[in-house]
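Take a look at the structure below.
Every read-out reported here was derived from the displayed coordinates using simple, explicitly stated rules and does not represent laboratory data. The model shown is predicted, which means the values in this text are computed figures rather than measured ones. All Cβ positions, even for glycine, are placed from backbone atoms using ideal geometry, and neighbour counts span all protein chains on display.
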Amino acid sequence: MGETDIQVPATVQAVEKLGEADIVIGIPSYNNAGTIKHVVRAVSAGLARHFSDQRCAIINSDGGSTDGTPQAVLQAQLETDKLLLVRHPLQPVHRISTPYHGLPGKGSAFRTIFQAAKSLKAKACAVVDADLRSITPDWIDLLVRPVVQNNFDYVAPYYRRHKYDGTITNSIVYPLTRALYGTRVRQPIGGEFGLSAKLLNRLLAKDVWETDVARYGVDIWMTTTALAEGFRVCQVFLGAKLHDPKDPGADLSAMLVQVVGSLFSLMEEHEKVWKNVRGSIPAPLYGFPYAVGLEPVRVNPERMITAFQQGCRDLEPVYGSFLRADLVGELQRLANGQPAELDLNDFVWVQLIHEFAVAYHRRTLDRKHLLQSLTPLYLGWVASFVKRTQEASDDAAEQQIERLSRAYEQLKQSLVERWEGR
Amino acid sequence: MNEFWQRAVLEPLQQLWEQVVNYLPQVSAAVTVLVAAAVAGWVVKQVVYRGLRLVRFDRLADRLGFSAVTEQVGFSRGSSYVVGQCAGGLVLVVGLLLALNALGPAGSDLVLRFFVFLPHLLTAALILVVGGIAAGFFARGALIAAVNAQLAGARLLAGGVRLFIWLLAVIVAMEHIEIGGATLAITFGVIFGGIVAGLAIAFGIAGQDLAREALNSLLKRGAREEEETGVRHL
């Protein structure tokens with residue numbers, strides 16, 4: 001049995017019983033009894049409606065739910081006869097440290113699904129979250145068809161989101177990934193995606209499944225691997241994404257450590273690729289991007305501004321140990337100004353992120369401390385963004401993100417120079 | 001009177017003079033060795049410092065995390081400078097021991113005692129270095145965590161953590177070189193135990209509600225943050 005083969009005997013037997021499948025849909029779950037029945041039914045209906053001529057299988061990889069999630073899956077009325085319930089190995093650490101997407105052992109769940117898909121000799125595999133409320137059967141078609149029909153290797157989701165939904169993605173993950181690897185994937189850490197067999201085998205062969213990147217940043221790792229290794233990437237419009245609230249105890253600084261840490265770690269891995277990339281092109285977008293009514297959100301930037309000011313004041317010695325003196329001075333100027341006038345502009349923000357990436361790379365500071373210290377500055381950027389866009393439409397706010405992304409691209413050369421210590 | 005003067009003053013003076021004259025070659029040898037060691041130490045320091053700068057040792061030290069450690073201990077002039085200082089200092093210490101040895105049996109005895117004591121001294125120094133690093137590390141962690149939790153007096157808290165760890169390291173180091181003995185440890189234990197007990201009683205009796213609120217607030221911080229700011233981060 002090779003290293004990428006399924007290790008759990010019960011799962012091996014279950015997969016062997018299924019035989020082969022052209023399309024595999026994976027649903028990783030952990031305590032999603034309230035929503036998973038709907039998700040399984042939507043997936044089943046999608047496969048029956050759009051891929052009735054193909055052999056399909058649905059795999060639920062559960063992390064040891066205690067709320068009856070596996071029973072809920074079995075109760076779902078299916079339009080396909082191939083359903084596989086497996087359990088991904090969940091180590092104690094997974095239960096203690098929940099990754100930012102709220103699912104303990106998400107990396108293990110993905111690995112189990114990918115291994116099963118490989119054993120079933122699937123041509124395409126898609127994964128959807130078990131907590132989705134807005135999934136429709138068409139999502140399956142959108143996620144799988146670009147792989148089976150257009151030979152894409154990685155299908156990323158494209159959602160309509162409120163302008164203040166996904167601010168870490170908007171301020172760091174999307175623009176930095178775009179500037180680094182030269183392809184615009186608007187939701188690089190979306191929970192849904194489609195994969196070709198080629199990319200799936202490549203991911204399984206990688207030696208990261210036991211590391212923190214797989215544990216906490218499996219989504220950004222897959223997107224980055226696809227982009228950096230030249231796989232064909234596209235996006236599909238899925239409308240709005242409504243899902244159960246994530247772990248209410250999730251701490252912002254822990255989220256930043258996991259997400260930004262994964263990004264920076266991947267920057268080190270793909271250093272040779274991104275250093276030579278300039279500018280960016282959009283990844284092809286499939287599906288019809290219709291307008292979606294989004295719930296209005298009342299935002300209060302006061303608390304964020306207070307956090308920013310306290311951070312700049314109290315963490316000045318920490319920032320002084322790795323940030324350029326002019327940036328430390330700029331932060332002090334912003335923190336000492338009137339709260340109502342706070343404006344952490346795009347170019348300062350991008351340079352701050354670059355300095356954090358360089359400090360992470362050089363290990364100037366303990367990496368966890370470094371990433372945790374980003375929290376007040378991030379809140380300062382969010383507060384500035386909110387103040388700039390409070391009266392703006394979602395589309396106008398999106399233009400601001402586009403401007404920020406261009407700033408990341410314009411300052412790319414200086415990042416390369418700083419990274420190389422020039 | 002003359003005899004008294006001769007025995008009380010002149011003879012001791014003459015003996016002293018003879019001793020000085022007899023001892024002078026050893027003293028001058030010791031001084032010469034010491035001066036030579038100082039010059040050699042300075043030269044070694046400069047050569048090591050400049051040599052390491054030339055081969056960009058600082059960048060390597062940055063990558064290996066050595067610079068962060070030296071900065072935490074209080075050396076902010078770069079790793080090459082620290083290594084240069086250590087090399088120069090080592091030459092000076094060797095010179096000092098040679099100079100003491102050159103002073104004759106008394107000096108040799110001192111050198112011997114020094115070597116017997118050296119392991120204790122080095123262990124104490126190591127305890128202080130590790131204590132310094134730990135104090136810096138934990139103080140910074142406490143500071144960042146307190147700032148992220150938006151606690152007032154975050155710097156005070158971090159300062160307290162730093163002081164506590166430094167105190168602990170100093171006491172352990174002093175105990176190791178047998179200064180103060182158990183008295184210091186007991187004093188520290190009594191004071192620290194008293195502070196903790198006092199705070200526990202004060203917090204427990206007077207601040208039950210405050211404690212409950214603080215714990216609730218810490219446990220639900222993420223949710224409260226999104227709720228209060230209206231922003232969804234991911």
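Could you state the orientation-averaged shadow area of the convex hull built on the Cα atoms of segment A:383-422, in nm² to one decimal?
That works out to 3.4 nm².
Would you mind checking the pairs A:37/A:121; A:272/A:412; A:17/A:121; A:106/A:163; A:198/A:275; A:118/A:241 and listing those with alpha carbons more than 20 angstrom apart?
A:37/A:121; A:106/A:163; A:198/A:275; A:118/A:241
Ratio to report: Rg/Rh of segment A:120-182, with Cα atoms as the point set and Rh obtained by the Kirkwood method; give two decimals.
Across segment A:120-182, the Cα-based Rg/Rh ratio is 1.03.
So how do A:143-152, A:180-189 stack up, highest first, on mean other-Cβ count within 10 Å?
A:180-189, A:143-152
Over the Cα atoms of chain A, what Rg and Dmax result, in angstrom?
Cα-based Rg and Dmax for chain A come out at 21.7, 67 Å.
Have a look at segment B:1-103 and give its Rg and Dmax from the Cα atoms, expressed in angstrom.
In order Rg, Dmax, the Cα atoms of segment B:1-103 give 23.6, 80 Å.
What does the charge dipole of the protein assembly as shown about its Cα centre add up to, to the nearest 20 debye, if the Cβ of each Lys and Arg holds +1 and the Cβ of each Asp and Glu holds -1?
That gives a dipole near 1100 debye.
Using mean Cβ contacts within 10 Å as the protection proxy, how do B:112-119, A:235-242 order, highest first?
Top of the packing list down: A:235-242, B:112-119.
Reported to two decimal places, what Rg/Rh ratio describes segment A:302-419 when computed on Cα atoms with Rh from the Kirkwood expression?
0.97
Take each of the peptides A:119-132, B:161-174, average the number of other beta-carbon atoms within 10 Å over its residues, and list them starting from the highest.
Going from most to least packed, we get A:119-132, B:161-174.
Output the antiparallel fraction of DSSP beta bridges having both residues in the protein assembly as shown, as a percent to the nearest 5.
Looking only at bridges with both residues in the protein assembly as shown, the antiparallel portion is about 20 percent.
Other chains' Cβ within 10 Å of A:254-263 residues: what's the mean?
Averaged over the peptide's residues, the number is 1.
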